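Reading through the structure tokens given below for one structure.
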Amino acid sequence: MLLCLPSLGPAEIAWRWSFGLAVTALLAFFFHEYMSTLPVTGGEMFLLQTRQPALVWQAMARILQGSVPRAVATLIVLALALTLAWIVLASLGRAATLKTLFEYFRDGDDSKPRTLRLSSLMGLNFLRAAAMLAVVVSSVGAVLLAGAASSKTHPSPGSALLIFCMLILFIGLAWSMLNWYLSLAAIFVVGAEDTTFGALAAAAHLCRPGPVVAAAAWFGVAHAVSFVTAASVAAFPLAFAEVLPAGVVLGGVILVALIYFASADFLYVGRLAAYVFLIEGPEPESIQAHSMPPAFSPLDDDILSDIPGLTPPQPAAG
């Protein structure tokens, strides 16, 4: 599929990575400007140069005193702005990708001109952003619940860690399934001109044991193999951290991470192409009708004609 549309993968990488670079640049600019506004006295600089953890933490607490609420407010505003930008950019990028896929599978043969429901795609991406916010809130709740399991009078760090890991695992699985479901619904917005909730209903109807779930499982296995391979390759430069310069080790890890992210984007586009093919391709009944042999009839078998009662009655003579 991607060999027939070679520009589809790079286009997916372009809009995803452009947003990622913009977020990285904004966060770096925020951190630089915030650190430039912090007053550092000679005594605090002396405590930082001692490299003693207790003294360094004391100096950092004095430096950040009074400026943390301002930084938190700035981060909240920045997060809201970036979320709004992501909703718009993700809607435009997904609309372009799916429109290209539907045009390819339909061979330009469409009975009526289709209008793009960009507002419906933005509604789905808004729900995805809300799901991510729910993940953040749930993670904070997991930390609080895990901390409640270990008190000063009865410390139990093992139980707290186990509770936290289990809660994070359930939160991650729930978010992964919901995010996949919302991503699948975008196909019906572009292909069938459904509204946000109409696309959700169509996706729910399609999410049954069958080819779609099988395709998602196989692409999930491919993604897991890609992640394990990238993690294994990234271990090589880390193994020579004491021999090679820090810049070389960091550059190797970043290069492996970029290759992994690119392969993940290609796999995501391939999964979307598989979904569109399953929706726009021939119906399973028609495929089975053309591939299966005709139904067996005992009357067509000459050997069974010897059994009484299986041969049709002969017409009377004359």
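The values are calculated or read from the model by the stated rules, or taken from the named source; none is laboratory data. Small disclaimer: the values here were computed from a predicted structure and weren't measured. For neighbour counting, all protein chains shown are included, and Cβ atoms are generated from backbone atoms with ideal geometry for every residue, glycine included.
Taking residues in the stretch 34-61 that are under 18 Å from residue 72 (Cα atoms) and of a type in the set (Ser, Thr, Tyr), and partners anywhere that are in a helix (DSSP H, G or I) and at pLDDT 80 or above, the pairs with Cβ atoms closer than 9 Å and at least 6 places apart or on different chains are 34/70; 34/71; 34/74; 37/70.
Pick from 284, 315: which is modelled with pLDDT under 90 and farther than 26 Å from residue 97 by Cα? After ruling out the rest, the residue left standing is 315.
Here residue 123 passes the criteria (1) at positive phi; (2) in the same structural domain as residue 191 (by TED's automatic domain parsing) except the one numbered (1). Of note, residue 162 does not satisfy the criterion of being in contact with a Cys (Cβ under 8 Å, 6 or more places away or on another chain) and of a type in the set (A, V, I, L, M, F, W, C). Taking the listed residues 257, 185, the one that is surrounded by 15 or more Cβ atoms within 10 Å (Cβ to Cβ) and modelled with pLDDT of 90 or more is 185, with no other qualifying.
Here residue 38 does not fit the description of being part of a helix (DSSP H, G or I) and of a type outside the set (Val, Ile, Thr). Restricting the first member to the stretch 135-151 and to residues that are over 15 Å from residue 166 (Cα atoms), and the second to residues that are part of a helix (DSSP H, G or I) and modelled with pLDDT under 85, the beta-carbon pairs closer than 6 Å and six or more apart or on different chains are 150/157.
For residue 98, state whether it is in a helix (DSSP H, G or I), over 28 Å from residue 37 (Cα atoms) and among the hydrophobic types (A, V, I, L, M, F, W, C). Considered against the rule, which asks whether it is in a helix (DSSP H, G or I), over 28 Å from residue 37 (Cα atoms) and among the hydrophobic types (A, V, I, L, M, F, W, C), residue 98 comes out as yes.
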